[in-house]
Each structure stands twice: as structure tokens, then as C-alpha cells.
Amino acid sequence: MAESERIKKMAAAMLPRLRAWRRDFHQYPELSGQEKRTSAKIAEILRGLGLRVQTGVGGLGVVGLLPGGQPGPTVALRADMDALPVGEINRVPYCSRQPGVMHACGHDAHMTMALGAATILSRHKLPGAVKFIFQPAEETVTGAAAMIGEGVMRNPKVDAIFALHVKPDLEFGAVSLRDGLSMAAGIHFTIRVAGRGGHGARPDQAIDPLPPAHQIYAALQTIRRNLPPADPCVLSICAFNGGRVANIIPASVELRGTLRTYAAAAQRQALREIRAIVRNIAPAFHTRGTVEFSTGTPALNNAAGPAALLRRAATGLRMPVQTIERMMVSEDFAFFQRQAPGVLAWLGTRRGRRGCNLHTPDFDFDENILPQGAALLAACALDQLQAGKS
């Protein structure tokens, strides 16, 4: 039996176990930086498989090392662990038990697939080592950098790294990826406009921060016009908060948004434009404006070698492979790619009609995808180790 068929058969037989793991993660989701139960569960499973386990890496990260039967290269498989502040509306037996928190981005699937790959690979004599990286705080794009800062890509040094992400608008079981730049650099920002609160009936005795905040909001939408047309750029204000009642002028207003770009020059120019808009509009209304930027994440850049290997592994497992267009979403997996050649691919979960979207309260997926993801990750690791030995 071909190795890919053996892996596929092993993964299929694991479906009940994979389903149980996924449902446990789904019922007990934890926000970024709070993944205590999740990391403890993962560490327990990895230890049960005989891996060397390290916890508390970069916060609540977990690393499992599966040493090979022979000396050789080291390949890493990464899965993210955190959930989102979204209240689930699905009526399923495994619905989230944490009010206002759910796995709405498929991280419960990613963890389960990586654990499935660990189970499969623990039954192989490997020509090298496999490092399983379970990362916290992906949604706040802080977890990868923190784990890297604590040496996750060293000792042993990682030679290549792979990750999967479920995609509900992609055909079930299909694999989609793109060589080179494929996901945007992302940075979040917070704008605060401070005035002076007062009674709604006497605006002359207050300094209302709402009019300048609205002007700033409108002006931010023009930034795209100041950038080269060939440079993709998306700026979205996703929170606009100020005041609580109908007859009190608030003392301050806060706008929170995100900027997505590919070109570093476009990002730098857009950040200058944001600062200039706040700096010039706020004083015109006798208010004070400030802007703060997050550290952000670089654009995701899939290395050609690992991408070609993943395509071959998917084809060997009889999974259709597609090339995806560039996307404006961001992923801090890009930080790992700065340390070693790596690839992140999308795994389709759609059956029939167009289903739910990521980051929505009705997000869910067909759990039959779990063995396929586990098999693909395991095949990538094995193929990469074999390639590194040749």
C-alpha cells in the first residue's frame, strides 16, 4: 500500500477520536491569552502520544517534539488555539458553553488536525524530528512573535513549517494556496478624540467630540485615493464608541480599525495619512486627537518549495488542489515564515450551497474534514523529512 493511502486509512479510522477532541475544544473556547484549559488539554494528549512537551511558551503556547528514529531535519506543524468574542447561535450538542465566546474561525479544527497528525506520525520511524507548535493569541496577532522570541523555532532548528486553515466557502476537501505573497500585512489602530462632556441641551458649554470623530471617519475613507492604484489597501473602522445616553454629550470618542496592505511603502504612507487626518481635523473642532498603532503582522509569503511539496502531498491523498487569489486577511503565521520556509494552505469545508462565514456566530463545519486535514499535515511532514534527507 502506498504511504499516502496508509496515512489516509489511519486518519479515517481516527474520526471518532478527532470528533471528540474537536467538540471538547469547541465547548470550552478561550480568548487570546487565556487558553489555559486548551493548552493543558493539548499537553495531556501529546504526552499520551509519547512526545516531549513544553508548556508556557510565549505565554500559553505548547510545543510537542517527536524525535525521529534517525538524525535528520526538523519540520514544524503549527495550529492556533484561541477563540473569538462571538456568541454562538448554533443549536448543536457541542455548542459553546462560554457565553459570548466561540471558535468562530476554525481553530478547534486546526488543533484537532495537528493532534491527529501527531497521532499518525507517532506510529512512524521518522528520518528527522517533527515539532508541533500550538500557538495562543493568533487573533490578536501576538502569539507567534512571542513564541519565536522564546526560541520555538530553535533547539532543534526548524527547517520548514506548515499550517492549514479551514475555509467555509471552498469546496469540501479541496486545498487552496498561492506561492509567494498571498495574505496581507495587517495593523490595528485606535483613534481617540477628547473634548469636554456636557448636557445635550447646552452644547455651547461642552466641547463635543462626536462631530470631529465623524469627520475623521469620513476622511479615512479617502486614504485609498492617495495610494498607487496597483497597491492593494483596505482600511475599515470596525468600532465607533462614544456616549451611552441620549442627553449627555460624551467627553471622548474612540474609533478602532484595521489597515491591510501588501507593499511596505503603501503601509507606511497610509499610516502617515491616518496620523495627518487625526492631527489636522481634531484641533479644528477644539478637541484633542491621538492615534495608536498595534505591532501588526507582515504579509504572508508562501515559500515555493514547501508549497510545491504540499500540493504533491494533497494530490497523493486525492484532494483537489486550487490556486487562490491574494486575500486581504492577515495571519501571524507570517512571523514563522521569517524564521524558516513555510506555507499556509486553505482547506475547504463547504458542502452544497454556500455556507456560513468565518468570524460569524453560526460558523460550523462538517467534522468529516478532520481526518483529511490530519492526513495532509502528516503527509507534508513525512515528505519534507524525506526531502531533507535526500
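So, Val101, is that one touching a strand residue (DSSP E or B) at 6+ places or on another chain (Cβ under 6 Å) and either β-branched (Val, Ile, Thr) or free of Cβ contacts under 8 Å to residues at least 60 places away in the same chain (or both) or not?
For Val101, the condition - touching a strand residue (DSSP E or B) at 6+ places or on another chain (Cβ under 6 Å) and either β-branched (Val, Ile, Thr) or free of Cβ contacts under 8 Å to residues at least 60 places away in the same chain (or both) - is not met.
Hey, does segment 302-319 have a residue that's in a helix (DSSP H, G or I), modelled with pLDDT of 95 or more and within 22 Å of Met102 (Cα to Cα)?
no
For segment 1-31, which residues satisfy the criterion of being modelled with pLDDT of 95 or more, farther than 17 Å from Ala109 by Cβ and outside any helix (DSSP H, G or I)?
Within segment 1-31, Leu31 is the sole residue that qualifies.
Here's a check for you: in segment 351-366, which residue that is surrounded by fewer than 20 Cβ atoms within 10 Å (Cβ to Cβ) and charged (D, E, K, R) is farthest from Phe132 (Cα to Cα)?
In this case the residue turns out to be Arg353.
Looking only at segment 147-168, how many residues end up being out of contact with any helix residue (DSSP H, G or I) (no Cβ under 8 Å at 6 or more places or on another chain) and either free of Cβ contacts under 8 Å to residues at least 12 places away in the same chain or more than 23 Å from Ala308 (Cα to Cα) (or both)?
Number satisfying all stated conditions: 9.
State whether the residues of segment 307-329 include one that is of a type in the set (Gly, Ala, Ser) and in contact with a His (Cβ under 6 Å, 6 or more places away or on another chain).
Taking every residue of segment 307-329 in turn, none turns out to be of a type in the set (Gly, Ala, Ser) and in contact with a His (Cβ under 6 Å, 6 or more places away or on another chain).
Against the condition of a type in the set (Val, Ile, Thr), in contact with a helix residue (DSSP H, G or I) (Cβ under 6 Å, 6 or more places away or on another chain) and farther than 30 Å from His165 by Cα, how does Ile281 come out, does it pass?
Judged against the criteria, Ile281 is a match.
Considering only segment 71-89, how many residues are acidic (Asp, Glu) and in contact with a Ser or Thr (Cβ under 9 Å, 6 or more places away or on another chain)?
Adding up the residues that qualify gives 2.
Anything in segment 195-206 that is aliphatic (A, V, I, L, M) and either buried (at least 17 other Cβ atoms within 10 Å of the Cβ) or without any contact (Cβ under 8 Å) to a residue 24 or more places away in the chain (or both)? List them, or say none.
Result: Ala206, single match.
Is it the case that Val92 is surrounded by fewer than 22 Cβ atoms within 10 Å (Cβ to Cβ) and either in contact with a strand residue (DSSP E or B) (Cβ under 8 Å, 6 or more places away or on another chain) or touching a residue at least 60 places away in the same chain (Cβ under 8 Å) (or both)?
Criteria met by Val92.
Table: residues versus (1) within 25 Å of Ala11 (Cβ to Cβ); (2) in contact with a Phe, Trp or Tyr (Cβ under 7 Å, 6 or more places away or on another chain); (3) of a type in the set (A, V, I, L, M, F, W, C); (4) surrounded by fewer than 20 Cβ atoms within 10 Å (Cβ to Cβ).
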{"position": "Gln267", "(1), (2), (3), (4)": "no, no, no, no"}
{"position": "Ala304", "(1), (2), (3), (4)": "no, no, yes, yes"}
{"position": "Arg312", "(1), (2), (3), (4)": "yes, no, no, yes"}
{"position": "Arg318", "(1), (2), (3), (4)": "yes, no, no, yes"}
{"position": "Glu331", "(1), (2), (3), (4)": "yes, no, no, no"}
{"position": "Leu344", "(1), (2), (3), (4)": "yes, yes, yes, no"}
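Tally up the residues in segment 32-80 that are in contact (Cβ under 8 Å) with a residue 60 or more places away in the chain, in contact with a strand residue (DSSP E or B) (Cβ under 7 Å, 6 or more places away or on another chain) and not in a strand (DSSP E or B), please.
Here the count works out to 6.
Have a look at Leu347, Leu317 and point out the one that is in contact (Cβ under 8 Å) with a residue 12 or more places away in the chain, under 24 Å from Glu138 (Cβ atoms) and touching a helix residue (DSSP H, G or I) at 6+ places or on another chain (Cβ under 7 Å).
Leu347
The values are calculated or read from the model by the stated rules, or taken from the named source; none is laboratory data. Computed from a predicted model, the values in this text were never measured in an experiment. For neighbour counting, all protein chains shown are included, and Cβ atoms are generated from backbone atoms with ideal geometry for every residue, glycine included.
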